[in-house]
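The structure under discussion appears below in the form of structure tokens.
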Amino acid sequence: MNIVRASDYTGARAWDAQPIAAMKDATVRLHWTDQPYRWHVNDGDEVFAVLDGEVAMHYREGGRELVVHLRAGDIFHAAEGDAHCAHPVGQARILVIERAGSP
């Protein structure tokens with residue numbers, strides 16, 4: 001058994017991650033960040049749950065760039081091939097479940 005208190009986790013640098021579990025071909029990681037991530041496309045589905053803080057999630061749909069503001073408790077699902085880029089507003093802690101080896 002493993003109990004993780006997300007609000008206690010701080011990485012040494014932006015987008016540091018604390019591994020939570022590896023399930024067959026998936027990883028579950030707790031990320032801490034205060035800096036934007038880069039635009040990327042996953043090679044599988046990604047579930048992105050904001051646990052603490054706020055994230056402006058930029059994504060592309062129909063040739064347009066859109067932004068949704070995610071707060072603690074909000075979940076963002078990026079299907080395989082969806083381009084997206086997370087921009088935290090201050091510090092944020094995010095639980096990410098994705099295919100093992102995804103960027």
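Any read-out appearing in this document is the output of simple, stated calculations on the displayed coordinates, not a laboratory observation. What you see is a predicted model; the values in this text were computed from it and never measured. Heads up, the Cβs are rebuilt from the backbone with ideal geometry, glycines too, and the neighbour counts pull from every protein chain shown.
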Notebook entry, point to check: Is the shape of the chain best called rounded, prolate or oblate, per the rule: a/c under 1.5 gives rounded, else a/b larger than b/c gives prolate, else oblate, with a ≥ b ≥ c the square roots of the Cα gyration tensor eigenvalues?
Noted result: oblate
Note to self: To make sure I understand, if each residue's beta carbon is the centre and we count other beta carbons within 10 Å, what order do 99, 64 fall in, fewest to most?
What the structure shows: 64, 99
Next item on the list: Lys and Arg at +1, Asp and Glu at -1: add these up for the other residues within a Cβ distance under 14 Å of residue 29 and post the number.
Entry: -1
Next item on the list: Work out the charge dipole of the chain with +1 on the Cβ of Lys and Arg and -1 on the Cβ of Asp and Glu about the Cα centre, then indicate which of 101, 4, 72 is farthest towards its positive end.
Entry: 4
Notebook entry, point to check: Once amide H atoms are built 1.01 Å from N in the peptide plane, which residues 5 or more positions from residue 54, or in another chain, come under 5 Å H to H?
Noted result: 89
Notebook entry, point to check: Between residue 42 and residues 5 or more places away or on another chain, which pairs have amide H atoms under 5 Å apart, with H built 1.01 Å from N, and which residues are they?
Noted result: 81, 82
Note to self: If I stretch the segment between residue 16 and residue 85 completely, what's the gain in nm (0.36 nm per residue apart, minus their alpha carbon distance), one decimal?
What the structure shows: 23.2 nm
Next item on the list: Provide the net charge surrounding residue 9, with neighbours chosen by a C-beta distance below 12 Å and charges set as Lys +1, Arg +1, Asp -1, Glu -1.
Entry: 0
Margin query: Less than 14 Å Cβ to Cβ from residue 52, Lys/Arg counted +1 and Asp/Glu -1: what total charge do the surrounding residues give?
Written below: -1
